[in-house]
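The values are calculated or read from the model by the stated rules, or taken from the named source; none is laboratory data. Note that the structure is predicted; figures quoted are calculated from it, not measured. All Cβ positions, glycine included, derive from the backbone under ideal geometry; neighbour counts span all protein chains shown. Accessible surface areas use protein heavy atoms only, side chains included; no ligands, DNA or RNA. Shrake-Rupley method; radii C 1.70, N 1.55, O 1.52, S 1.80 Å.
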Amino acid sequence: MRLVSGNEEHADLEDQQAGGKKMEILLELNLKQKFATRMCIVLVGTVIFAAFCWDNALASLTLGAVVALLLRSPKFVFALAMTASRDFMAFQRFVALNLYLLNTDRRGLTVARWFQKQARAHPKKSCFVMDDRQISFAEALELSQKVAGYFRDRGLQNGDCVALLMETRLEYPCIWLGLSQLGVITALINSNLLGDSLLHSIKVANAKALIVSSELVAGLQSLREKEEIRGLPIYQFTDDESKNSSGHELLPKAIDLTLALKTQQKWELPPTTSSKEVQSKLLYVYTSGTTGLPKAAVITNLRFIFMAAGSFYMLKLSSDDVVYNPLPLYHTAGGIVGVGNAILNGSTVVLRKKFSAKNFWLDCSRYNCSVAQYIGELCRYLLATPYSPEQQKHNLRLMYGNGLRPQIWSQFVHRFGIPHIGEIYGATEGNSNLINITNRVGAIGFVPIYGSRIYPVQVLRCDELTGELLKDPQGYCIRCRPGEAGLLVGKVDARRAVSAFHGYADKGASEQKLLRNVFTQGDVFFNSGDMVVGDILGYFYFKDRTGDTFRWRGENVATQEVEAIITNCVGFEDCVVYGVQIPHVEGKAGMAAIVDPKRKVDMEYLSVVLRGSLPPYARPLFIRLMDEIPRTATFKLKKRELAQEGYDLKMLTDPIYYLNGDGVYRPLSQEQYEALRSGRARL
């Protein structure tokens, strides 16, 4: 950890702030210069056009319209000029995507049928690669057809569900692809689940059978006698390699699926198709929310195709790309957006059992990857690794995913030499879809300014603390203006893949995510639960989750901003910020939990940084140092449990620091704790 004097640190902070202001001024001047240049071109072109065709009524109207527009709405014209090339590029790609989706829908091409087409187009090409193993498109298709034949012989039929509990492996996508050929839905179970959460995931999907890989049978054994899964047929998958090395044995009454598939005959899809097939359920993917039990989101064939093809077309991937996918296959990012590049488009996808910051760049180089996926927390883990020249010895032209924080975006790109970042916004079950295709730092996507009221994604005014929507006198919601933070929602239209909402296996949970009568009677919108803010160019920036923002000293505190500053200060270690209740005091005080198992965080340095970066109300009152912060399977840090534990010295053994009157964090004393609890502390 860097140690500097307070004066030096203040000087550094002032230099950084001054530098930041200079950059903002230069950026503004650059934008104005570009705008002026483009407007001159437009005006000169219009004048020349009108001069040669002055007698033409169209020319007169054109010149008049341009002048009127400049006089009446200069901001709109400025934004239009600055985003014309962006919007034209997006329009071309969006049209190509929609033509692909229209073709898919009309021809009834399910995910399994698209994969069959790709496998027959280039059978010998590597489909999935992992470690020293690979499987070709022809081999993957054959395995999926054997899976289909086997479970067809066991009586499974269209609409049934099979739970799949398996770690990342080459055969994973082939198994659910095979089941999908029968119209069987596969519930992709989080391989980290145990106990009640695992039981709930199997139960909520109403599974008729369970496929489990041998390395995960231990977590299943304790549930065998539970009434909910007693008698459930279990098929155990064990490849020859793991059998020899680990000596896994079959669960009692389980069927050895690997052995059975060796002698199984293939079953091929019938040549005739139905338009209804593409609308049918394909997968259940469980949302990894930070609170409560997992919810099974419904993924139809068309939804899968939209999610995978959306990123493929909008980010201009190709079938020649080799895509590095170190994400778990039971979740949307890895199992749909990543794997879909191979299934739908014929790209080679490189898998990894578990993400490794140490091996990320080595893998990209080893497999000659041209594209790699990320989720935000992984980028921070990569930045936290020691620098090495090897980290730029890769052939990546694009990294795409979601959650790359603005505070580390530029540093990440420059350190690792990434030419292009494709930031995607979307939820597993949601329809509020955005994408950033222009390398705009920090943006989660954009909507062309002339289409802001047409595109199904809208931002509504709401109470930042509760997420409660604000209404106009007629009782309808109010759209946010640029610069105003609001709730991101997506209009539901079941006829279109872009805006359909299929909800969860639990219908009651589905209804809770919907907003009705938003702008007119009868309209329906999906509530993303995310607070975003837009700018005049149509870009959107993530601000916070509704409910994460808390109020202190009469001001709203956005947790993500505070987390980003602390994370950068402590060497990119995990950090979460949340509000805690203090008796006899209104609002919630800020508290930050930081992963610091070796207790190396310099609290004086952190105090100086927070004083120089945040207003007094946004500075956390408490700092908690932890060995580890609980997280979801997709690396999201859990806050609810931490907020409930608060700063209770009687219950917690972790070091708790308190922000003293002089602005320095020191260990929370028993005397201070009692003063806080009794209302005697001067807050």
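Structural remarks
- Between the residues Ser136, Thr332, Trp552, the greatest Cα displacement towards the positive end of the dipole of the chain, with unit charges on the Cβ of Lys, Arg, Asp and Glu, is found for Ser136.
- Size of charge dipole - region 567-626 - debye, nearest 20, with Cβ of Lys, Arg +1 and Asp, Glu -1, no other charges: 60
- Summed residue charge, Cβ within 15 Å of Tyr400's Cβ, Lys/Arg positive, Asp/Glu negative: +2
- Bridge type composition, the chain - antiparallel percent by DSSP, nearest 5: 55
- Summary of packing: across the peptides 269-279, 108-118, 609-619, the per-residue average of other C-beta atoms within 10 Å ranks them, highest first, as 108-118, 609-619, 269-279.
- The stretch between Glu268 and Ala218 holds 14.5 nm of extra length on full extension. This uses 0.36 nm per residue minus the Cα-Cα distance.
- For Rg/Rh (Cα atoms, Kirkwood Rh), calculated from these coordinates, the label among [x] 0.96; [y] 1.03; [z] 0.99: [z]
- Each peptide in 228-235, 391-398 receives the mean, over its residues, of other Cβ atoms within 10 Å, and ordering these scores from highest gives 391-398, 228-235.
- Straight-line cross-link reach from Lys262 at under 12 Å between alpha-carbon atoms covers these aspartates and glutamates, not counting any fewer than eight positions away in the same chain: Glu142, Asp239, Asp240.
- Counted by Cβ distance under 13 Å from Gln92, the other residues give a net charge of +2, where Lys and Arg count +1 and Asp and Glu count -1.
- Share of carbon and sulfur in the accessible heavy-atom surface of region 407-556 [1.4 Å probe, %]: 50
- Taken about its Cα centre, the chain carries a charge dipole of roughly 1540 debye when the Cβ of each Lys and Arg holds +1 and the Cβ of each Asp and Glu holds -1.
- Rg/Rh, computed from the Cα trace of region 404-499 with Rh as the Kirkwood radius, has the value 1.03.
- Calculated accessible area for the chain comes out at 46 Å² per residue, all protein chains present (probe 1.4 Å; ligands, DNA, RNA ignored).
- Per-residue accessible area (protein heavy atoms, 1.4 Å probe) orders Tyr425, Tyr504 as Tyr425, Tyr504, starting from the largest.
- Relative to the Cα centre, the charge distribution of region 388-471, modelled as +1 at Lys and Arg Cβ and -1 at Asp and Glu Cβ, gives a dipole magnitude of about 320 debye.
- Relative contact order (%) - criterion: Cα under 8 Å, at least six apart; region: the chain: 10
- The simple spin-label model puts a point 7 Å past each Cα toward its Cβ; for Gln392 and Ser197 those points are separated by 4.0 nm.
- The Rg/Rh ratio for region 333-445 is 0.94, where Rg is the radius of gyration of the alpha carbons and Rh is the Kirkwood radius.
- Counting lysine pairs in region 486-631 whose alpha carbons fall under 24 angstrom apart, excluding pairs fewer than 8 residues apart on the same chain, gives 5.
- Fully extended contour minus Cα-Cα distance, from Gln521 to Ala121, at 0.36 nm per residue: 139.1 nm
- Multiplying the residue separation of Lys226 and Lys276 by 0.36 nm and subtracting their alpha-carbon distance yields 14.3 nm.
- Asp493-Asp320 FRET efficiency (beta carbon distance; Förster radius 45 Å; 0.05 resolution): 0.85
- Only helices enter the 222 nm calculation for the chain: every DSSP H run of n ≥ 4 contributes -39,500 (n - 2.57), and dividing by all residues gives -11500 deg cm²/dmol, rounded to 500.
- Per-selection metrics, region 565-683 (Cα): Rg and Dmax in Å: 13.7, 42
- Charge context of Pro597, other residues only, Cβ under 14 angstrom, K/R +1, D/E -1: -2
- Selection from Gln236, Ala187, Leu251 lying farthest towards where the dipole of region 147-282 points positive, charges on Cβ: Ala187
- Cross-link partners for Lys226 among the lysines, with Cα-Cα distance under 22 Å and sequence neighbours closer than 8 places in the same chain left out: Lys203, Lys208, Lys253, Lys295.
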